[in-house]
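Remarks on the structure that follows.
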Amino acid sequence: PIVSNQINFNLMRFRSSITTKVMCDDLGIQVVGYHPLCNGVLTGKYDLERGGGSSLESISKYSRHRIRYFLKGTTELRATMESVAERRGWSCAQVAIAWVINQGVIPIVGAKNVGQVEENWCIVNNGEDAWRLEKEDVKLLDDASNSSVEYYKGFDLV
């Protein structure tokens with residue numbers, strides 16, 4: 001039997017992934033979500049106001065163009081994430097991961113250094129309910145997600 005389905009599932013891909021998620025739920029299939037942080041777009045790593053953050057100039061011109069597109073199309077979503085993060089004492093990455101978990105999806109989270117591993121681990125290992133978002137926060141994030149551009153296909157940051 002099929003026990004899991006791996007799909008692109010995150011705050012920037014919610015609208016196009018929800019049909020698959022509902023179908024999997026109806027069939028008792030666990031959804032496993034890749035790109036929960038949208039290659040760093042949902043982490044606060046990149047910022048148009050600060051010239052794109054510390055990492056933007058170190059990636060290819062094509063990737064910079066795509067990241068700028070996603071950043072411009074997610075202004076409200078990222079502001080909402082920052083607000084929830086500040087209230088909870090979390091990072092934006094932790095909010096993005098918690099939102100995926102709150103949807104009943106197992107996130108596949110990558111990390112490039114020990115600090116990211118610790119930050120990501122903290123959200124899932126601080127007690128049974130540590131990752132739970134308030135219903136109001138989920139609604140705010142869902143609404144902001146609906147107004148953002150959709151994240152498509154991961155992009156190479158090298």
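The values are calculated or read from the model by the stated rules, or taken from the named source; none is laboratory data. Keep in mind that this is a model prediction, so the values were computed, not measured. Here the Cβ is made from the backbone with ideal geometry for all residues, glycine too, and neighbour counts use every protein chain on show.
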**Request:** Look through the range 19-49, keep the residues that are free of Cβ contacts under 8 Å to residues at least 40 places away in the same chain, of a type in the set (A, V, I, L, M) and surrounded by 13 or more Cβ atoms within 10 Å (Cβ to Cβ), and return whichever of them is nearest to residue 82 (Cα to Cα).
**Result:** 48
**Item:** Where a residue in the range 75-94 is surrounded by fewer than 20 Cβ atoms within 10 Å (Cβ to Cβ) and its partner, wherever it lies, is of a type in the set (Asp, Glu) and part of a loop (DSSP other than H, G, I, E, B), with Cβ under 9 Å and at least six apart
**Value:** 87/134; 88/134
**Prompt:** Pairs under 6 Å by beta carbon, first residue farther than 13 Å from residue 43 by Cα in the range 114-127, partner assigned to a helix (DSSP H, G or I) and at pLDDT 75 or above, six or more apart or different chains?
**Reply:** 123/94; 123/97; 123/98
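Within the range 65-83, restricting attention to residues that are among the charged types (D, E, K, R) and at pLDDT 80 or above, which residue is farthest from residue 151 (Cα to Cα)? Break it down stepwise before answering.
So the first thing to find is which residues in the range 65-83 are among the charged types (D, E, K, R), and the list is 66, 68, 72, 76, 78, 82.
Right, trim to at pLDDT 80 or above and you get 72, 76, 78, 82.
Values: 72: 12, 76: 15, 78: 13, 82: 19 Å.
Per the criteria, the residue is 82.
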